[in-house]
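Note sheet for the following structure.
The values are calculated or read from the model by the stated rules, or taken from the named source; none is laboratory data. Because the structure is a prediction, the values reported are computed rather than measured. A quick note on method: Cβ atoms are made from the backbone with ideal geometry, for glycine too, and the neighbour counts reach across all protein chains shown. These accessible areas exclude ligands, DNA and RNA; they are computed on the full protein's heavy atoms, side chains included. Shrake-Rupley method; radii C 1.70, N 1.55, O 1.52, S 1.80 Å.
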2 protein chains.
Amino acid sequence: MTQNSQSLPLCIPSGFVPGYGQGNLALAQINPSPGDLAGNARKIIAALRLAEQQQVDLVIFPELALMGYPPRDVIVRHPFLVAENLKWLRGIAEATGKTYALVGFVEPLLPKPSEQRIGKAAFNAAALLGEGKIQAIFRKSLIPGYNEFEDYRQFESSPVSGAIAPEWLTDVTLHPPLQDGHGLITVHGHRYAVSICEDLWNDPEFFEHPHYPHNPIAGLLAQRPEVLINLSSSPSRAHKESVRHQLCGFVAKKHGTPLVYVNQVGTVDELSFDGGSRAYDGHGQLLARAESFQEQLLILNPFKGQGHIAPLPGQPSEASPAAPAFQANDTSDLARTYQSLLQGIRDYFAKTGFQKAVLGLSGGLDSAVVAVLVADALGPENLLTVSMPSAITPDENRSDTQTIAKNLGCPWIEIPIGTITEAFTQELSTIRASVEGIWGAVDARSNAADNVQAISRATLLRQLGNEFRALPVATSDKSEFYMGYATVNGDMSGALAPIGDVCKTKVRALARWLNEHRPETVKTPKNVLPLSVITKPSGADLKRDPTTGELITAEAELMPYEFADEVIWRLETLNQSHAQLLNTPFYYEQQNPLPPAQKAEWLDKFFDRMSKAVFKWFVAPPILIVEGGGSIAKSDYHHPIVANRIHWQGHSPREIRTFLSENTEK
Amino acid sequence: MTQNSQSLPLCIPSGFVPGYGQGNLALAQINPSPGDLAGNARKIIAALRLAEQQQVDLVIFPELALMGYPPRDVIVRHPFLVAENLKWLRGIAEATGKTYALVGFVEPLLPKPSEQRIGKAAFNAAALLGEGKIQAIFRKSLIPGYNEFEDYRQFESSPVSGAIAPEWLTDVTLHPPLQDGHGLITVHGHRYAVSICEDLWNDPEFFEHPHYPHNPIAGLLAQRPEVLINLSSSPSRAHKESVRHQLCGFVAKKHGTPLVYVNQVGTVDELSFDGGSRAYDGHGQLLARAESFQEQLLILNPFKGQGHIAPLPGQPSEASPAAPAFQANDTSDLARTYQSLLQGIRDYFAKTGFQKAVLGLSGGLDSAVVAVLVADALGPENLLTVSMPSAITPDENRSDTQTIAKNLGCPWIEIPIGTITEAFTQELSTIRASVEGIWGAVDARSNAADNVQAISRATLLRQLGNEFRALPVATSDKSEFYMGYATVNGDMSGALAPIGDVCKTKVRALARWLNEHRPETVKTPKNVLPLSVITKPSGADLKRDPTTGELITAEAELMPYEFADEVIWRLETLNQSHAQLLNTPFYYEQQNPLPPAQKAEWLDKFFDRMSKAVFKWFVAPPILIVEGGGSIAKSDYHHPIVANRIHWQGHSPREIRTFLSENTEK
C-alpha cells in the first residue's frame, strides 16, 4: 500500500469559528477510484483529520466514497470486495472521534439466517461514523438505470429512507444519533436528515416526468430536520449545473430547510464528476459552493449562513437556464467542457498508471484540439506529437503540425508512412487477382486504400506507445462517430477518445475558445492554434478528387457539419423522428437556403450512415461524456449492431395494410 | 420493403385434428430482428396464416416479437419506433380472424391528459389479437437488469398482471376474452393466463435467492386458468436448458396447470436465443418441445396431451442437472455450443447484410476452430482463409492451414507479412533514437515487435474484407481475453469474436468434438482438423526464445490453461475470492502436483493480467455469449477500466488498522 502525501485544499469561510456544537460542517469533495479501498480510505482519513483540526461537527463524503462510484458489476462478480469495504469502514469508524463522518459505502444485504435473501446482494448506503463507532446506516431508495446510470444492476432499492441500525451492526450497543427515532440523526445537538443522490431527484412538482412513483425525501423532511444532507456522485453534462442549482434551491425553499449537497470529483472511464458541492439556505439561496473539477474540503455553517461560493467555469449567471436551442459556442459551456475533458484525460492516465501520451497530428482541427487538451492535462513534455505524412499530405498541414507542437512545447517527430502503405498495397496487389478469381471484381466503393493510411498511422502510434510506456489517443469527434466517418483500428483507435462526445462545430468553437481562454499558467496561452487549422475545411486527407486533384473534404462526402450537428442535437435532446426533422425548420435553415429535397437527401444519408456506424461505436475506446441530451458512449447508450433495418422514415397505416395483405394468402 | 418467401417449418403432432374450439395451440418460434418492424410483421403474418390453415385456436409469439428483443435504448432515443410498432400491431390485428394471436410488442405508457407520466415511457407488453381487433393487453411486471438483461433501462414495471384493456385502446368496444374479469382470457371456450418471460422466473420455492419480492404468476394461477402461457425471449447459456426444464415442470406441477412456453430464436449481437419452445402437462411432464436454434411453428394440444418433443442438441437426459464441477468436455454442452455459435455467426452476417468472411489461419487451434464454425455457418465458399506467415512461422503451421482449408473446401491464399513488418520496423528504427533522446530508453518489456505482426495481419484481412464486401473475424478465445493475451487492433480485432466466451480447454474439446460430430451434410464431416493442430502447444507464434530458438508457448508465458480456465470458472460461477481460490483444492490439483507457492504465483499473475486486460474487453468486438456463469462480453459484464488498483488478496483488520494509523496524524 503506497503512501500519498497530496493534501486536500481547504476552504474556510470568513467569520468561521472552530468549535463543536455550532453546526460547522465540512464537505469532503474527494476523487475516489473504484475498488481502490486503501487509496480511498487514505483520502477519507486525510479529510477527517483536516476537519478535526477545525473542530467541525460533521464531515460529509460523496456517495460510495469508500468503494468509488460507479463500482459497476465488479462487486457482483467479486463479492469479496464488499466484505473488504466493510472491514475498511469499521477501521475508519475506529479512527473517528468527536468529528463525525458520513461515508458512502456498499452495504451487503444480509438476511437473518432463517430468511431468504430476496433481490440484489447489496445496498448503495452511507454510514454515520463517530466516537470510534458505526452509529447509523442510510440506504438509497431510488436506484437509477438509465443513460450513464446502472445502479439497478448492482443495488437493491431500500423501502426505508433515513437512519437505521441494521442487524449486522451487532457491535454497536448504543446509537445516540438514532435516539430521535424518526429516521433523523442528531450530531452535536443538531438534527439532520440524510439522503443519497437520486433520492433527491424525484420531486413531482419540479420534474415534468418523475422517474419513480415515490419521493423518499418527503417523509424525511416531514420530520422537520434542521438540515437535509445529500451524498451524491453525479456526472457533469451540458446544462446539468443549471438543473442541479434550480432543483436544490427549489427543494430547500419548498421545505424551508437548508440543503447540503456533496458531490464527488474525478473521472471514471467515460463519466466525469464535477464536484461543485454546495449548500442552500432555507429560502433556496446558494450559501456555499466548492470548486468544480477539483478536490476540496469546503467548510460552511448553514445555521450561521457562513459559506464561500466558488465561481463556475466560465462564470455564467447562477440561474442560466438550459439552452433551448442548438448552440455550439456557449462560452460558459466551452469552459466547462474544457475542464471536464482535462480532468477526464488526467484521471484516465493517472488511474491506469500512465504519464505519457502519443498523438498523431494531421494538421487538421480534431487532432490539433486533442493535442492542446492532452498537453494541458499531462504537461507538454509528456505528449509526443507525431506527423505521419503520406504522398498526398499538403505541405501546409505538415508545417502546421510543427507550429502547434512548438506553441505547446511538445516534442514533435515525423514518420512518413509511404513505405508502409506501399508494402500493404504491394502485397494486396499480388494477391488481388486470385481473390477476384474466387469472389469476382473488387467492390467499386471500397475505401481500403484510404483506411490503410489511417491504420498504418495508428499502428505506428501504438508501437511508439508500447516502446515508451505511453498511451495513444484517438482523435475522432462526435459528428464523425455518428456518420461512421472514422477508421476502425485507425484514427478512432486509441486508449481514450477525448472528443468523441464533442460535435465538429463545437470542436471548432472550442478551438477558438482555447486560443483565447487557456489559463496563463500554460506556455503560449493565447493563439496556440494557427488560424489556418481552425478555418480550413475538415477532411480525412485520405484521397484526392480524380478530376480536380483537390483533397476531398468531409463536407463534400457527407453534408455540412452545421446541419449534421443540429440533427444530432435534435435526436439526442428532442428525440425527433425523421419526419419531424424533415418538417421542423432547422436553425441551420435560418442562415442557409435549403430546398426540401436537399434536406431529405441529407437526412436519409445521415440515418443510413448512422445505422451502419453502430459497430464503430461498439469497438470505440472510452469516450469522455460531456453533452447533456445523450451520446454514443457505451456506458450511456446501447444500440444493437444488427438493428440496421430500421425504416427511419416510417410507414402510413395504409402502407402497412397494403404490405400485410401482400404478405397474406388468406 | 423486400419480400421474403422463406416458409416456417411446421410441426404437427400425431393424432392432431384441425378445428376450432378444441384448444389447439401453435407456438410460433420465430427469429425477429430488433427494429425491423416490416420484416418481423411479415414473419408474424406468415405464422398466423399457417396456423389458420390448421384451424388453431391461438398462435403464440415470443416476447417483443414485433419490435424484436432486445430493442435496447433505440426505443428511448427514437420514440417514433414505438409509435410505428403500434401502427403495425393494429395492422396485424386487422388481419386476424378466427385464429387468435398473442403478439409481444412495446406499449407506450400513455397517461390520461390530466395525469403526470411517472416512470419510463413504455411497457414490455403483449396483445391478444383476433376477429380483426386488439382484444386485450398484458404487461410484464418483473423487469430484469442484470447480466445480459437491461429491460430496466427501457421498461416500466407493471403493478398489474394479467389481461387489461388500457384507455388508449379506444377502438375496442367489446372485449369478449376479457369478460371473465379476473385477468384471464377466454379463447374459443378455453381460459388462459398470459405472462411474459421474467414473470415466470421468481418462484420463491424454486429459487434460493429470488430477484424480486413478488411472484406475479401466483395471482393469475389462483384464478384457475386451464393453461398458463409464457411469452419469452431468453438467451441460451450453459446449463440454462436444464434450469428452464426444471422450473417449467415445477411450476406446472405445483399449480396442477399445463404450461405453454414460447421462446424466440436467433442471435442479436452477443445474445443467442435458442427457442426450444415447449409445453408441460399439469403433472409437470414435458409434452412438446420445438427444435433448438431453428424457426418452427409447433402445434400441440395441452387438453388432449398431443405434442411432439424434439431432441436437444447432443441429446442429454431431460433432467441432467447443472454441472457442479468445472468441465470443458461435456458432450451435450459442446453440441449446444456448436449450434449456438453457428446461429450467432449466421445471424450476425445475415442481419448486417454480409455473406462473406475473411479469416487469418495461423495453424493454431483458435483460428482453426473458428474457420470450421464460419465455414459451417456461411458455407465454405464464403470463407476466404488467409495464411500470413512471418519469418518465424514454422513450415508445419503453413501446411496445416492448407490442409484445414482443403478439408473445409474453403478458398485459401497466402500473404507473407515480412515486407510489411519490415517497413514498420524500418520507420521506427529511424526515429527511435530521437524519441529516446526525449523520453529515455525503450521499455525493456515492450512487445511492440510482436504486436506489429498481429496488427499487420488484421490490417490485411480488413483491407481484403473492404475490397470484397467480407467481414474479418476475430479469433481470440476467452482465456486469452481474461489474461490480456491478445493484440488490440490485431488478432482480437474483427467484426465478431465467435469464441470470445469459450475457454482454451473448451476450444480444444470443441475441436475434438468437431472432428467427430459435425453433421453429414457438410464436406469432410469427420476429422476436418489435423490432429497436430489440436495437440500442439498454443502460442501466439510471435517470438522465439533467444536461448533455445524455440517458439515461446502461451503456457510458458502465462500458466497452464487448465489451471487458468478453472480460475475463470470459479470466478464466474462460484464468485470465489483470491483467498478462497488459494485455499480451495482445484480439480486441476487432483491431476497435477501444485506447490502452494506456485499456485499463489499463478493466481497473482492471473489477477494482475486480468486487471490490465479490462481495456481490451472494452474495445473487443461482439462476443457470442455461451457460458452460464458469466462472460466478459460488454452486454453481460461491466468493469471500470480505471479500477485497476483493486487489492485482490484482501487485507486483515489488523493491516487496515495499521495502514489507517500510519496515514493519521491525530
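A few remarks follow.
- Cβ neighbours within 10 Å from other chains - mean over A:376-387: 1
- For region B:330-382 versus region A:26-103, the gap between their alpha-carbon centres in whole angstrom: 48 Å
- In summary, the lysines within cross-link reach of A:LYS504, defined as a Cα separation below 16 angstrom excluding same-chain residues under 8 places away, comprise A:LYS478, A:LYS536.
- Whole-Å semi-axes of the ellipsoid equivalent to region B:220-304 (Cα gyration tensor, √5λ, descending): 23, 13, 11
- Of A:LYS605/B:LYS356; A:LYS351/B:LYS240; B:LYS133/B:LYS634; A:LYS523/A:LYS616, those spanning more than 32 Å from alpha-carbon to alpha-carbon: A:LYS351/B:LYS240; B:LYS133/B:LYS634; A:LYS523/A:LYS616
- Solvent-accessible surface (1.4 angstrom probe) belonging to A:THR548, in square angstrom, nearest 10: 90 Å²
- Part-to-part distance (alpha-carbon centres) for region A:564-611 and region A:467-507, which is given in Å: 24 Å
- For A:THR521 and B:GLU436, the FRET efficiency from 1/(1 + (r/R0)^6), where r spans their Cβ atoms and R0 equals 30 Å, is about 0.55.
- Chain A: antiparallel DSSP beta bridges as a percent of all, rounded to 5: 55 percent
- For A:GLU662, the distances from its label point to the matching points in the remaining copies are 7.6 nm, ordered from shortest, with each point set 7 Å beyond Cα toward Cβ.
- Counting only residues at least eight positions apart within a chain, or on another chain, the aspartates and glutamates with an alpha carbon under 14 Å from that of B:LYS506 are B:ASP330, B:ASP333, B:ASP366, B:ASP477, B:GLU480, B:GLU562, B:ASP565, B:GLU566, B:GLU627.
- Rounded to the nearest 10 Å², the accessible area of B:GLU520 at probe 1.4 Å: 140 Å²
- Computed FRET value (nearest 0.05) for A:THR547 with A:ILE12, which takes r as the C-beta separation and R₀ as 56 Å: 0.20
- Across chain B, C-alpha contacts under 8 Å between residues 6 or more apart give a mean separation that, scaled by the residue count, equals a relative contact order of 11 percent.
- Region A:48-196, relative contact order [Cα under 8 Å, separation at least 6], %: 20 percent
- The simple Förster model, with R0 at 56 Å and r as the Cβ-Cβ distance, assigns B:GLU167 and B:GLN598 a FRET efficiency of 0.25.
- Accessible surface buried once A binds B (1.4 Å probe; total of both sides; Å²): 13300 Å²
- Under 15 Å from A:LYS120, Cα to Cα: aspartates and glutamates that are on another chain or at least 8 residues apart: A:ASP73, A:GLU107, A:GLU150, A:ASP151, A:GLU156, B:GLU150, B:GLU208
- Cα centre as origin, Lys/Arg/Asp/Glu Cβ charges: chain A dipole, Debye: 1000 debye
- Rounded to the nearest 10 degrees, the inclination of helix A:504-517 to the longest alpha-carbon principal axis of chain A is 70 degrees.
- Copies compared at B:ASP443 - label distances in nm, ascending, label defined 7 Å from Cα in the Cβ direction: 3.5
- Based on protein heavy atoms only, region B:556-656 ends up with 38 Å² per residue of surface accessible to a 1.4 Å probe.
- Magnitude of the charge dipole, the protein assembly as shown, Cβ model with Lys/Arg +1 and Asp/Glu -1, debye to 20: 1100 debye
- ³J(HN,Hα), Karplus 6.51/-1.76/1.60, whole Hz, each residue of region A:291-305, x for Gly, Pro: 4, 8, 6, 9, 5, 6, 10, 9, 9, 7, 9, x, 7, 9, x
- Per-residue [θ]222 nm for chain A (sum of -39500 (n - 2.57) over DSSP H runs n ≥ 4, rounded to 500): -11000 deg cm²/dmol
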